[in-house]
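The values are calculated or read from the model by the stated rules, or taken from the named source; none is laboratory data. If you're wondering where the values come from, they're calculated on a predicted model, not measured in any experiment. No Cβ is skipped: glycine too gets one built from the backbone with ideal geometry, and neighbour counts run over all protein chains shown. Surface accessibility is based on the protein's heavy atoms, side chains included, excluding ligands, DNA and RNA. Shrake-Rupley method; radii C 1.70, N 1.55, O 1.52, S 1.80 Å.
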Amino acid sequence: MTRSVDVASRTVPAGRDLTLDLARVFCVVLVVFVHILFTGVGRDANGSLLIERTVEFQPWFNAATWIANIMPLFFVVGGYAARAGWRSAVAKGTTADRFVRVRLARLARPALVVFIFFTVVLGVAGALGIDPELVDAIAIGVGSPLWFLAAYMIVQALAPVMMRWHDRYGGWVLLALFAAALAIDGIRFIVVGGLLGIDRLPPTGYEIGQELFGIPNVAFVWLFATQVGFFLYDGWFAKRRWWQLVLLVAVGYVAVWQLVALGGYSVSMLGNQWPPTTPMAVFAVIQAAALTLLHTPLTAMMRTRVAQGAVFLVGSRLMTVYLWHLPMIMVLIGIQLLLPLPLPAPGSAEWWWTRLPFFLLVLGAVWVLSLWLIRFEKVPPTGAPRIAASWATPVAVVLFVLPILAITAYGLDFPLAAAALVACAAALWLTGSERTATTPA
């Protein structure tokens, strides 16, 4: 930890707003803790195995999601970082193609390893004849966070274009994206669900379901949140007075409440996350305003070397923490099941008391794993592209995104894991650099 503090204090660029790094780390750590609350595995009084999503049964769960669902903030911060990175890239003469290639590598390199892991584990489970229902229950849960890879890749790939539109049209881009998100929701809930009577996707199989018609909002909603990040970078929120920001938060919550009252939208904000719906766009504005309100105390916190070191320690392996925390949770639970260790019943007082120690155990285990995996978060120097054609990068982005969207819609299984592995490797190859005497493999 001391070494991390020293490194952080030496490597912070001048003028960098470390509160954004803190927000990014906080978002991922909170996701880890929430997933631990979802993972209810234990034994009842008779010793029978219990598996449930414990936190969803709590009376306060829906209300808590109106505060704890911070994924819109992650995209807001991503928009801020993209705008800062693009300005730096333009100053260095970097092309949009190279900008996107670097961001694809940052996502696809860590993802490649996790897809190898999923493909091997699911393939072995099938070969051994392990109960398919048990495998599906575990795999679908473990694969649930992968939607973020597709969504974030889409908004980062479109960032150069969206920034040009932002500079030219300003708030009109936000209005257009918001209107498009509302239109997709209307088609999904009113036309598809209401007039056509198409039900939600079944838990197994590859059928047509209501959610598929909401997938365009993966672009519209998260592009909206990213666009809010552009406004945050430009100082629009910082120029507002504190009472205006508070009013913006209050009006935002009222707007979300009115949308939920219309019907179709889930009272739980986690239910509005996939496919993303218009309330997630409103929450992007709410959370950007809230972050601005907290900017002064967060800045004071980030002046301390301990806070900088902690944020640097987690932030330098953020994708590893995000991608591997659920597999690690399942591995640790599996060890508990194999060893004669006490497993309190999910939802019991003993179970709740063990959540914080288990959270720290998961973070520690992922940190040990990251000592090897962190190399995949480091992007090699980009040289001349292996394929200079203008189509290579867009095709690579589509290859990377499509299997992940399929996994999110239908759940993780062996065919989709293998498809994602092949597509991810192909995307990295298409956007890779020519090997030279000075470029590492």
Requested in this report: Could you grab the relative contact order for the chain? Cα pairs under 8 Å, six or more apart, rounded to a whole percent.
Outcome: 31
Query - Rounded accessible area per residue of segment 113-205, 1.4 Å, Å² - result: 50
Requested in this report: Restrict the search to segment 361-417; then list the trypsin sites (Lys or Arg not before Pro) that DSSP places in a loop and that have at most 12 other Cβ atoms within 10 Å of their Cβ.
Outcome: Lys378
Report summary line: Rounded to a whole %, the carbon-and-sulfur portion of the accessible area of segment 291-394 at a 1.4 Å probe is 76
Query raised in the report: Taking a ≥ b ≥ c as the square roots of the eigenvalues of the Cα gyration tensor of segment 164-262, is the shape rounded (a/c under 1.5), prolate (a/b larger than b/c) or oblate?
Result: prolate
Query raised in the report: Let a ≥ b ≥ c be the square roots of the eigenvalues of the Cα gyration tensor of segment 55-197; is it rounded (a/c under 1.5), or, if not, prolate (a/b larger than b/c) or oblate?
Result: oblate
Report summary line: Row for the chain, column shape: gyration tensor on C-alpha, a ≥ b ≥ c, rounded if a/c < 1.5 i.e. under 1.5, prolate if a/b over b/c, else oblate; value rounded
Report task. Give the residue from Pro59, Asn69, Ala111 lying farthest towards the positive end of the charge dipole for segment 9-145; charges sit on Cβ (+1 for Lys and Arg, -1 for Asp and Glu) and the dipole is referred to the Cα centre. Result -> Ala111
Report summary line: With all protein chains present, segment 137-233 has a carbon and sulfur share of its accessible area (1.4 Å probe) in percent of 70
Report task. Mind giving me the FRET efficiency for Arg305 and Arg87? R0 is 25 Å, r the Cβ-Cβ distance, nearest 0.05 is fine. Result -> 0.35
Query raised in the report: How far apart, in nm, are two points set 7 Å out from the Cα along the Cα-to-Cβ line at Leu337 and at Leu361?
Result: 1.5
Query raised in the report: ³J(HN,Hα) across segment 100-112 via Karplus (A = 6.51, B = -1.76, C = 1.60, θ = phi - 60°), whole Hz, x for Gly/Pro?
Result: 6, 4, 5, 5, 5, 4, 5, 8, 6, 5, x, 5, 4
Query raised in the report: Using θ = phi - 60° and the Karplus form 6.51 cos²θ - 1.76 cosθ + 1.60, what ³J(HN,Hα) does each residue of segment 222-233 get, whole Hz, x for Gly and Pro?
Result: 6, 5, 4, 4, 5, 5, 4, x, 4, 5, 4, 5
Query raised in the report: If you take the beta carbon distance between Arg16 and Leu247 as r and set R0 to 22 Å, what does 1/(1 + (r/R0)^6) give as a FRET efficiency, to the nearest 0.05?
Result: 0.15
Query - Table column - 3J(HN,Hα) (Hz), segment 276-289, Karplus curve with 6.51, -1.76, 1.60, x for Gly and Pro - result: x, 10, 4, x, 5, 5, 5, 5, 4, 5, 4, 6, 5, 5
Report summary line: Quick calc, Asn46 & Val398: beta-carbon distance into FRET formula, R0 56 Å, rounding 0.05, result 0.65
